Structures are given as structure tokens and as C-alpha cells.
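Please read the structure below before turning to the comments.
The values are calculated or read from the model by the stated rules, or taken from the named source; none is laboratory data. Since this is a predicted model, take the numbers as computed values, not measurements. Cβ atoms come from the backbone with ideal geometry, glycine included; neighbour counts cover every protein chain shown. Accessible surface areas use protein heavy atoms only, side chains included; no ligands, DNA or RNA. Shrake-Rupley method; radii C 1.70, N 1.55, O 1.52, S 1.80 Å.
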Amino acid sequence: MAFDRRTFLGSSAATGAAVALTGAAGAPAAAAQGGSEGGGAASARTYSFTVMGTTDLHGNVFNWDYFTDKEFDDKAHNDVGLAKISTLVNQVRAEKGRRNTLLIDAGDTIQGTQLSYYYAKVDPITARRGPVHPMAQAMNAIGYDAAALGNHEFNYGIPVLRKFEEQCDFPLLGANALDARTLRPAFAPYSMHRLRTPHGRDVKVAVLGLTNPGIAIWDKANVQGKMTFPGLEEQAAKYVPRLRSMGADVVIVSAHSGSSGTSSYGDQLPYVENAAGLVAEQVPGIDAILVGHAHTEIPEYRVRNKATGKDVVLSEPLKWGQRLTLFDFELCWARGRWTVEKVAARVLNSNTVAEDPAIVRLLSDEHRKVVAYVNQVIGTSTQAMSSAEGPVKDVPIIDLINHVQAETVKGALAGSEWAQLPVLSQASCFSRTASIPAGQVTIRDAAGLYPFENTLEARLLTGAQLKDYLEYSARYYVQTAPGAPVDPAKLTNAENIPDYNYDAVYGVTYDVDIAQPVGSRIVGLAFQGRPVDPAAQFVLAVNNYRASGGGAFPHVPKARQLWANSDEIRNTIIQWVKVKGTVDPAQFASVDWRLTRAGVPVLP
């Protein structure tokens, strides 16, 4: 059944906890004792079922890359999209029996592709008589039972999220997404599902949804004063006993939070970003956790709960619909109740199946509209540019991002007391496959430089703070001794730092000496040919993720904000190309930073 959020918001009857109860009223008749339809065990005292899970779908319905305008592919030949997931789900339901399965998601659903962007900004679902979001259409058709909120659900603002929630035939769960005024749940904390067993004794499965407390800083502009996000452990400890007291035989957590116990925003919040493993360890009464957010593949990971000594099974399917997690449960009826005897997890690879033709038919019109949109020509480029070497070299395509950002901030500060300060800019290599062709430039070319919905800010930094910022960024490189062999593919991602958490700063010159230890790598930092004065003031054009503490870079989150814009940076780039008409690297590209060892360049 569809969950009606009115039981939470705008109702004086709201109690701060509610439930979506689903059963199997439309399921086939139960198999006779001694057997079951595709999943019930032979014994009258046992029952098995499967919970399927996805996460970090990020707007992927089809196995299609809108930035390259062709079928998605990567080095591992993964496939993406809900159309592929649908085929896997159909296969599992056919094997297990649909009434012996549930399908859940761990968040980050409505942001990430141009398909999701189009229906948030170009033809928004919030418009009067607006369309139904393609992700809602696909997930409804596939038959999801519940989905946790991800942090990227908030990128387009609460109205878009609420409209998406309204369009879904399943509840969006977030036990730690609270109304800032009442501190009551702003979304359903959990859902309860009844599985009809072949033995006349139903199994009640509770799904508790937890989202990421980092939303409070990453999407501060959208949620401040409206919602608050306490820690996952705290809220799980509150709700799990409640679910057990309500008769839940099985408790599953769908957590948009990685398993590592780490955070990317330093000490700005007293909560851990990647807390799924800690929830398993600290909160008794949980049987399994579907993990999201970290974009890693974990087929099965067991964590021993400190209070009970029992293992909690965690699994994280790979992002974008590349994998489908299966939690296989075996239960036993004893002493008047069901008890979980065994839980195992595994993942299925979506590249082993074809897209479900029913999903393809359902959303083919939406797909064609978006393909036509992203292929609109907005300008020309005098030469081809690529981001392939962006992580290890100062390349023109990253300079383009920085140049647009710096020029935008300079224009915004014109006439202000800050107008005379030098404007620098930070950017990362967000995609190693981004490119601008020679000749015609389309929306998808420009948008491909910046796949995230970040917005632009201006923050005030000193020269000393700038140096600290760059030293922190340079942790990204693997320390490599002078004379040692160099493989560019192995120079980066030290300490598993992703590409988007390495910043190059435009407007100053410097070397990054990778032979030196972390904290002592920035050499020759200069502005206009002169060493940077530690006391000098600079304006840094910076994205809101970084300004809000994403990546835990020093100084910027607490630095004075001089200006901020609500438009996405990629839209700013698109508009810049439209206005200029011609993209000429000779007007903005220069080699301002390089990798060195003892003053000798690492790469030609």
C-alpha cells in the first residue's frame, strides 16, 4: 500500500512514530505443509524469505550515459539502471515466490543523471500538472516496498523531495530526519511488512530507515531551520526496541551511511557520517543492514553486536543499479514466536541480464526528451579538451571550471568592499571521462564537467589558510621517492581519497612535492610571481559542498562568506558557454601547478 505522509505532517494526530503496514493480500495461496511456493521451507516449523536491496541509484533508469550520449560502460563492463535491476528482481521473485520477498532501497535516488535533473529543473515535477518523476514511475512499477532517504534527496530542495514522496507507492523512511521545530519525524521512521508463510504464522518484518547527518551541512541552505538530523546510533537505539515490542520478528535497517565509521566533514557535527557498522555493533536487535552512501561493493560483512554477541549481516550493492543485494533469511518457529536462525547476503550483477522491456516501454518518452535536451548546441570550442589527466596535471578543462567560477565571483563582488581582493578558485576532477570536443559544444558536454548539483560561494581566506588548504588537498598523492618509478595511475587516491576530494586552486602557482610527507608538500606558493604573504587576503570561489565541510578541508567552513548563489555550478558553466559562444583555452588555460620531486617535474 502507498504510505500517506499526512499521518506525520500537518496532522495534530501525529505522534512522532508511524508505520506503513504491508501484507500479501494479493499473493497466491500458501503452499501446503511440507513445501512452499519458491521459498517456504519443507518443515512446518521453518520459513525462508529474501530481502532484495539497491542503493545510490542516482537517477539511473537505463543503461545509458547522458554525458557521453551512449550506452554506459566502464573498465569492469558494469551496467547500470533500474531497467536492469527490474529483470534481476523478476528472476528472484520467480525463484522465491513473490510473497517470500521484499524490495528496499538505501537512498540517493533523485539526483545524479541528466534524467533526474531534467525532472527537477527543466520540466519539474513540482509544476502545476507536472510530470511524475521517472524514478517514482520505475520504482512503483518494479514494486519497491520501502526506501531510505539519502543525503542527495535534499539537493533540489524539500518541495521536490515532498513531491517525489507523494508520487511513490512506497514510504520514504528517515528515522533521524526530524522536523526542526517539533523534533518529530519529518518522514516515516519505519515500515512494517507482513509475510504470509505456508504455516499459518505470519512473519512481521520491520524496515527502519536511517539517513546521513551530513545533510545538515551539505544541504544547509535547503534544510536549516526546517529539519535536523541526529545520529544514526541514537535513533536506531530508540526505534529498534519499539519495533520489537510491536511484534517485529525481523528488523532490517536501511541506512544511507557507509560502514567504515569515518566522516568527511571533520568535527563539525557530533555524528559519524559512515555509521552503519557502528549501528550494528552498538544497537541490539538488528538482524541485517542494507548499507548505502559509500559507493562501494560489500557482498557480505558481519559485525558482532557488543550486547548480544550475535552477528549482524551488512551488505552494500554497488551504486547506480550495478548490483542487487540479496539477504536470505531462515526462520524457525519455537515457543510461540519466529526466531532468525540464519542470515546470509550476496549480490547479483546487473550486467548479466537484459533491461526489462516493461520499464523501457514505460519511460521511453522521458528518455527521448532528455536525450534531445542534452544534445542542444550552446557554443563551439577551438580545440578538444579532456579530463583524463586531470588528477595528476593542470589541464585546460579544469581551468575552464575554475575560470568560470572566478569570473562569476568577481562579477558578483564588483562594487563591494571586497572588489579589489584577488579571486582564486577551487575545482576537482569530478569525472576522468569528461571532455569538450573541438567544434560544437552541447549541454551534455558542458554539464559533464560538473556532475554534481553543487552551488557556488565566495569565502575569505588568508595566505596562511590557503597554504594549509593546499597541504591538506595534497594528501591525495602517494608519497613517491625521488628516482622511484612513476606510474601515473598509482599516484593518486592515497588513503582512499576520491578524486572529488582533491582540489586544485586556480589563480596562484605552486608545486606539489610528492616525495615529501603529508603536510610539507606545497612548494613555491606564489601570487602574480611573488611568494604568498601569510597575512594577505584572498577570495576563494568554492562549491557549497566544500564550504559546508565536505571533505573536511581546513578553514573554509568557518571562513567569512562574502557571497553565495543558489544556481548549480554546471548551469553557470552552461550559461557562460552560451554567452561567450566560443570556448578558447588560450583565454583561460595555464599550467599553475605541477607534481614534482625535489624540484624535478614528475610528469612531462
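Output the number of residues of the stretch 533-564 satisfying the condition of being closer than 14 Å to residue 473 by Cα and not aliphatic (A, V, I, L, M).
Matching residues across the stretch 533-564 total 7.
Of 347, 370, 343, 353, which residue is within 30 Å of residue 201 (Cβ to Cβ), modelled with pLDDT of 95 or more and open to solvent by less than 50 Å² (accessible area, probe 1.4 Å)? Full working, then the answer.
Values: 347 fails: within 30 Å of residue 201 (Cβ to Cβ); 370 fails: within 30 Å of residue 201 (Cβ to Cβ); 353 fails: within 30 Å of residue 201 (Cβ to Cβ).
When all the criteria are applied, what remains is 343.
Of the residues in the stretch 281-320, how many are open to solvent by less than 10 Å² (accessible area, probe 1.4 Å), closer than 25 Å to residue 349 by Cβ and without any contact (Cβ under 8 Å) to a residue 40 or more places away in the chain?
Number of matching residues: 3.
Does the stretch 571-581 include one or more residues that are out of contact with any Leu (no Cβ under 8 Å at 6 or more places or on another chain), at pLDDT below 95 and assigned to a strand (DSSP E or B)?
No, there is no match, as no residue in the stretch 571-581 is out of contact with any Leu (no Cβ under 8 Å at 6 or more places or on another chain), at pLDDT below 95 and assigned to a strand (DSSP E or B).
Being at positive phi and surrounded by fewer than 16 Cβ atoms within 10 Å (Cβ to Cβ) is the filter here, so list the residues in the stretch 105-146 that pass it.
Selection gives 129 alone.
Give the stretch 331-340 a look and list any residue that's of a type outside the set (A, V, I, L, M) and open to solvent by less than 40 Å² (accessible area, probe 1.4 Å), or say none.
The answer is 332, 338.
Select, from 536, 526, the only residue that is touching a residue at least 40 places away in the same chain (Cβ under 8 Å) and either out of contact with any Cys (no Cβ under 8 Å at 6 or more places or on another chain) or over 19 Å from residue 461 (Cα atoms) (or both).
Residue meeting the stated conditions: 536.
Hey, among the residues in the stretch 547-570 that are closer than 17 Å to residue 425 by Cβ and among the aliphatic types (A, V, I, L, M), which one's modelled with the lowest pLDDT?
Applying the filter and picking the extreme gives 564.
Here is a yes/no grid of residues against (1) more than 16 Å from the chain's Cα centre (by Cα); (2) charged (D, E, K, R); (3) over 21 Å from residue 166 (Cβ atoms):
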position	(1), (2), (3)
55	no, no, yes
68	yes, no, yes
81	no, no, yes
85	yes, no, yes
99	yes, yes, yes
107	no, no, no
144	yes, no, no
147	no, no, no
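Among the numbered conditions (1) in contact with a Leu (Cβ under 6 Å, 6 or more places away or on another chain); (2) under 30 Å from residue 223 (Cβ atoms), tell me where residue 478 comes up short.
The one condition residue 478 does not meet is (2).
I'm checking my understanding of the structure. Among residues of the stretch 44-83 that are part of a strand (DSSP E or B) and among the polar types (S, T, N, Q), which one is farthest from residue 445 (Cα to Cα)?
Step one: of the stretch 44-83, the residues part of a strand (DSSP E or B) are 46-54, 64-65, 70-71.
Now restrict to residues that are among the polar types (S, T, N, Q): 46, 48, 50, 54.
Values: 46: 56, 48: 49, 50: 42, 54: 29 Å.
Taking the candidates together, the pick is 46.
So which residues in the stretch 48-66 are crowded, with 20+ Cβ neighbours inside 10 Å and not polar (S, T, N, Q), if there are any at all?
Those that are crowded, with 20+ Cβ neighbours inside 10 Å and not polar (S, T, N, Q): 49, 51, 52, 53, 56, 57, 58, 59, 61, 62, 64, 66.
Looking at the stretch 127-148, which of its residues are farther than 14 Å from residue 53 by Cα, touching a helix residue (DSSP H, G or I) at 6+ places or on another chain (Cβ under 8 Å) and part of a loop (DSSP other than H, G, I, E, B)?
Hits for the stretch 127-148 are 130, 131, 132, 133.
Residue check, residue 489 against (1) outside any helix (DSSP H, G or I); (2) without any contact (Cβ under 8 Å) to a residue 12 or more places away in the chain, all met but one. Which one?
Result: residue 489 passes all but (1).
Within the stretch 185-202, is there a residue that is of a type in the set (D, E, K, R), closer than 30 Å to residue 48 by Cβ and open to solvent by less than 60 Å² (accessible area, probe 1.4 Å)?
Just the residues of the stretch 185-202 that are of a type in the set (D, E, K, R), to begin with: 194, 196, 201-202.
In the following step, the residues that additionally are closer than 30 Å to residue 48 by Cβ were identified as 194, 196, 201-202.
In the following step, the residues that additionally are open to solvent by less than 60 Å² (accessible area, probe 1.4 Å) were identified as 202.
The answer is yes, given that some residue of the stretch 185-202 is of a type in the set (D, E, K, R), closer than 30 Å to residue 48 by Cβ and open to solvent by less than 60 Å² (accessible area, probe 1.4 Å).
One residue is enough: does the stretch 321-330 have a residue meeting the conditions of a type in the set (Ser, Thr, Tyr), open to solvent by less than 40 Å² (accessible area, probe 1.4 Å) and in a strand (DSSP E or B)?
yes
Do we have any residue at all in the stretch 523-545 that's in a helix (DSSP H, G or I), open to solvent by less than 30 Å² (accessible area, probe 1.4 Å) and at pLDDT below 95?
yes
Tell me which helices (runs of 4 or more DSSP H) are completely within the stretch 206-320 and hold 2 or more residues being modelled with pLDDT of 95 or more and within 18 Å of residue 53 (Cα to Cα), or say none if there are none.
In the stretch 206-320, the matching helices (runs of 4 or more DSSP H) lie at 276-282.
Mind listing just one residue for me: the one in the stretch 163-177 that is open to solvent by less than 20 Å² (accessible area, probe 1.4 Å) and not in a loop (DSSP other than H, G, I, E, B) and, of those, farthest from residue 244 (Cα to Cα)?
Among residues in the stretch 163-177 that are open to solvent by less than 20 Å² (accessible area, probe 1.4 Å) and not in a loop (DSSP other than H, G, I, E, B), the one farthest from residue 244 (Cα to Cα) is 164.
Report the residue count in the stretch 184-205 for those that are of a type outside the set (Gly, Ala, Ser) and outside any strand (DSSP E or B).
Residues flagged as of a type outside the set (Gly, Ala, Ser) and outside any strand (DSSP E or B) within the stretch 184-205 amount to 9.
Would you point out the residue of the stretch 558-604, among those that are among the aliphatic types (A, V, I, L, M) and open to solvent by 40 Å² or more (accessible area, probe 1.4 Å), that is farthest from residue 444 (Cα to Cα)?
Filtering the stretch 558-604 for residues that are among the aliphatic types (A, V, I, L, M) and open to solvent by 40 Å² or more (accessible area, probe 1.4 Å), the one farthest from residue 444 (Cα to Cα) comes out as 598.
Yes or no, residue by residue, for (1) surrounded by fewer than 17 Cβ atoms within 10 Å (Cβ to Cβ); (2) in contact (Cβ under 8 Å) with a residue 24 or more places away in the chain; (3) hydroxyl-bearing (Ser, Thr, Tyr):
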residue: 381; (1), (2), (3): no, yes, yes
residue: 397; (1), (2), (3): no, yes, no
residue: 402; (1), (2), (3): no, yes, no
residue: 424; (1), (2), (3): no, yes, no
residue: 433; (1), (2), (3): yes, yes, yes
residue: 459; (1), (2), (3): no, yes, no
residue: 477; (1), (2), (3): no, yes, yes
